[in-house]
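The values are calculated or read from the model by the stated rules, or taken from the named source; none is laboratory data. Just so it is clear, the model here is predicted, and its values are computed rather than measured. Here Cβ is always computed from backbone atoms with ideal geometry, including for glycine, and neighbour counts include all displayed protein chains. Side chains included, ligands, DNA and RNA excluded: accessible areas come from the protein's heavy atoms. Shrake-Rupley method; radii C 1.70, N 1.55, O 1.52, S 1.80 Å.
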Amino acid sequence: MLKNKIDDVLYLVEKPSRYIGDEINSIRKDIRKDLIRFGFCFPDVYEVGMSHLGSHIIYGALNEVEDVYCERVYMPWIDLEQKMRERDIPLFTTETRTDIADLDMLGFTLQYELSYTNILNMMDLSNIPFKSADRTEEHPIIMAGGPCAYNPEPLAEIVDFFSLGEGEEVLVEVMDLYREKKENNWTKDEFLSRLASMDGIYVPKFYAVSYNEDKTIKSFGPVDEQYPKTIQKRIIEDMNKAYYPTHFVVPYTDVVHDRAMVEIFRGCTRGCRFCQAGMIYRPIREKSKEVIVETAQKIIAATGYEELSLTSLSTLDHTDIKDTIIELIKKNTKDVVGVSLPSLRVDDLAVEVLQEIQKIRKTGLTFAPEAGTQRMRDVINKGVAEEDLEKTLSQVFNLGWSRVKLYFMIGLPTETLEDLEGIDTLGNKSTWLYKQVPAENRKGSVAVTLSTACFVPKPFTPFQWFKQNSIEEFREKQFYLKDKIKNKKVKFNYHDAHTSVLEGAFARGDRRLADVIIKAYELGCKFDGWQEHFKYDKWMEAFEACGIDPDFYTRERSFDEILPWDHIDVGVKKEFLIKEYENAVNGVVTEDCRDKCVGCGINIDLIGREC
Ligand code: SF4
């Protein structure tokens, strides 16, 4: 019945292939059997969700379990949602068109703070109450994971439990416990209470918080000593043995990243002080060249993809990357499968690898110096020297590239006008370097894009205590640069400061923000990550209605203040982050710890061995 109602509206909306399912490699199970029904919910549209590697990994890992059926759920676009509300069609799974309210558990991946209203919208479409306290045994259990779960507090009253760290193993353990729940007729609370003792699982209802007069946190802790004081993240120890999908679901419609994705390692040792991923995904765990090549060949065979992306936080840091790429290119030249890399670091290896890659296909080039001056690059510990950047740009221009994109951030701690001017200088230097290339090597006219994001301080980084720039400060700097950059060959892009400041409030927010999210949703906020749908005024109205000042969450913090995420343990010690904060202020660089440990603590606290 639901299937027919859905089919009746699909020809009335954009991109119906977002909703039809049955793609190559999508998984079918017999739902008449006694299965644990899990909905993997991506709080954005199909094209974005299908490009998210983590979704494919969890989808495959859970469906490897015979009596678990993991189905995908995406946020419907505006046009279909309108039809759904008009015709009372609830939100449905992609595989079997099942109302998500009929599933046992819903898992939301938290990739971006501004996706929170989409979570509410997906629940609302199936009449699932927003707050845990308002849901009964009849409603699915709501869980969440992903990078934003490292500060789970803004969603603590909405989500029943959070999975911290890598989900491949812990979610299977959660399914095992849920099977026991069904067999023993436990109530939801009995299940959650047992779950709260599982490593890597945080159940907010068993933790209480109190506040000081000045609104800072006074105390935070478990309501009963049977629950752990801190929740430690889970990691996959051996990436060569870990589950990894080879039969990726191949979408019928174009998606953001439409290519074969092979994850080659997790973690990063570069220690950039603004980068949350570089801290929360430690330690480094590599896959061997053999495993990477074998996985890649299996994925290409099962999907027919013509492009292969080697993914990680810093792909060229893999100890065997050059030989791996050479072998992949050798194996795939005849099928013209291109190899692409995420943003590149600036050094010789990058150029050597590019020479290999361009044998099949020349792709756009992106470098991320992040800051315009050496002083600021040292403050953020980016570890990129100006001369390295110049040398690499000359080399790639001589190899025939003429288009480069350079990524920067503005609003960084200790930033000066000189640092901003440095961004313009690098743009001019890039076009000048191109002119130095012998004419026979040049391919058309040079095009340099300077793309600037607004810096957002994130939990578990040395910068988690810094004040974030206000919207006015960001805009002043953006307009300053806009006036400054006069070079016709240089294009200047900048992000909207309003979304960045709101993102900043939720990134370092606490439980009191749950009501703000609900109020904002009720005022019509959703798809906040899409500029054309972002309603900043409604958000400010929601904050006001809840009597909360968003600036309270983007302000500077003292080292002794209790932070909303202090009960989460990622293995990196707070003392280490404070030391790195001080190194930043003093412009002191910390070396990459691949060569020599710099004492972040994860080897002692989390893995109990050398990294
Ligand atoms: S423990 Fe040492 S080597 Fe390991 S990630 Fe931390 S700083 Fe690097």
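Structure values in brief
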item	result
Where Val585 falls short, out of the listed (1) surrounded by fewer than 14 Cβ atoms within 10 Å (Cβ to Cβ); (2) β-branched (Val, Ile, Thr); (3) touching a strand residue (DSSP E or B) at 6+ places or on another chain (Cβ under 6 Å)	(3)
Selection from the range 108-145 of residues that are surrounded by 20 or more Cβ atoms within 10 Å (Cβ to Cβ) and among the charged types (D, E, K, R)	Glu113
Residues of the range 194-234 that turn out to be crowded, with 17+ Cβ neighbours inside 10 Å, aliphatic (A, V, I, L, M) and touching a helix residue (DSSP H, G or I) at 6+ places or on another chain (Cβ under 9 Å), as a count	6
Enumeration of residues in the range 73-89 that are open to solvent by less than 10 Å² (accessible area, probe 1.4 Å) and part of a strand (DSSP E or B)	Val73
Scope the range 301-314; condition out of contact with any helix residue (DSSP H, G or I) (no Cβ under 8 Å at 6 or more places or on another chain) and either assigned to a helix (DSSP H, G or I) or within 14 Å of the ligand (Cβ to nearest atom) (or both); matching residues	Ala301, Ala302, Thr303, Ser314
Count of the range 504-532 residues which are over 22 Å from Glu473 (Cα atoms) and either open to solvent by 10 Å² or more (accessible area, probe 1.4 Å) or among the aliphatic types (A, V, I, L, M) (or both)	17
Test for Ile119: is it touching a helix residue (DSSP H, G or I) at 6+ places or on another chain (Cβ under 6 Å) and at pLDDT 95 or above	no
Failed criterion for Glu575 (all others in (1) within 30 Å of Asp238 (Cβ to Cβ); (2) exposed (fewer than 15 other Cβ atoms within 10 Å of the Cβ); (3) not assigned by TED's automatic domain parsing to the domain that holds Gly411 hold)	(3)
Thr392 being open to solvent by less than 40 Å² (accessible area, probe 1.4 Å) and assigned to a helix (DSSP H, G or I)	yes
First in the range 312-337 and farther than 22 Å from Arg282 by Cβ and of a type in the set (D, E, K, R), second anywhere and modelled with pLDDT under 85 and open to solvent by 10 Å² or more (accessible area, probe 1.4 Å), Cβ under 7 Å, 6 or more apart	Lys322/Leu349; Lys322/Glu352
Count of the range 315-352 residues which are assigned to a loop (DSSP other than H, G, I, E, B), open to solvent by less than 20 Å² (accessible area, probe 1.4 Å) and at pLDDT 75 or above	1
Any hit, the range 425-432, residues being open to solvent by less than 30 Å² (accessible area, probe 1.4 Å) and touching a Ser or Thr at 6+ places or on another chain (Cβ under 7 Å)	no
Selection from the range 574-604 of residues that are near the ligand (Cβ under 9 Å from one of its atoms), under 13 Å from Met279 (Cβ atoms) and free of Cβ contacts under 8 Å to residues at least 40 places away in the same chain	Phe576, Gly601
Within the range 235-274, considering residues that are within 30 Å of Ile410 (Cβ to Cβ) and either modelled with pLDDT of 95 or more or open to solvent by less than 40 Å² (accessible area, probe 1.4 Å) (or both), the one nearest to the ligand (Cβ to nearest atom)	Thr269
Condition broken by Glu47, with the remaining ones in (1) within 22 Å of the chain's Cα centre (by Cα); (2) free of Cβ contacts under 8 Å to residues at least 12 places away in the same chain satisfied	(2)
Filter result (in a loop (DSSP other than H, G, I, E, B), hydrophobic (A, V, I, L, M, F, W, C) and surrounded by fewer than 18 Cβ atoms within 10 Å (Cβ to Cβ)) within the range 533-570	Cys546, Phe559
Elements of type strands (runs of 3 or more DSSP E) contained in the range 175-266, each with 1 or more residues being among the basic types (Lys, Arg)	217-222
Single unsatisfied condition, Ala277 versus (1) out of contact with any helix residue (DSSP H, G or I) (no Cβ under 6 Å at 6 or more places or on another chain); (2) open to solvent by 70 Å² or more (accessible area, probe 1.4 Å)	(2)
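Quick grid of which residues meet (1) among the hydroxyl-bearing types (Ser, Thr, Tyr); (2) at positive phi; (3) within 24 Å of the chain's Cα centre (by Cα):
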{"site": "Val490", "(1), (2), (3)": "no, no, no"}
{"site": "Asn493", "(1), (2), (3)": "no, no, yes"}
{"site": "Ile518", "(1), (2), (3)": "no, no, yes"}
{"site": "Glu522", "(1), (2), (3)": "no, no, no"}
{"site": "Gln531", "(1), (2), (3)": "no, no, yes"}
{"site": "Tyr536", "(1), (2), (3)": "yes, no, yes"}
{"site": "Met540", "(1), (2), (3)": "no, no, no"}
{"site": "Arg555", "(1), (2), (3)": "no, no, yes"}
{"site": "Leu563", "(1), (2), (3)": "no, no, yes"}
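Condition check ((1) charged (D, E, K, R); (2) in contact with a helix residue (DSSP H, G or I) (Cβ under 7 Å, 6 or more places away or on another chain); (3) under 23 Å from Cys593 (Cβ atoms)) across all residues:
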{"site": "Val255", "(1), (2), (3)": "no, yes, no"}
{"site": "Arg273", "(1), (2), (3)": "yes, yes, yes"}
{"site": "Tyr281", "(1), (2), (3)": "no, no, yes"}
{"site": "Ile284", "(1), (2), (3)": "no, no, yes"}
{"site": "Val291", "(1), (2), (3)": "no, no, no"}
{"site": "Thr295", "(1), (2), (3)": "no, no, no"}
{"site": "Ile299", "(1), (2), (3)": "no, no, no"}
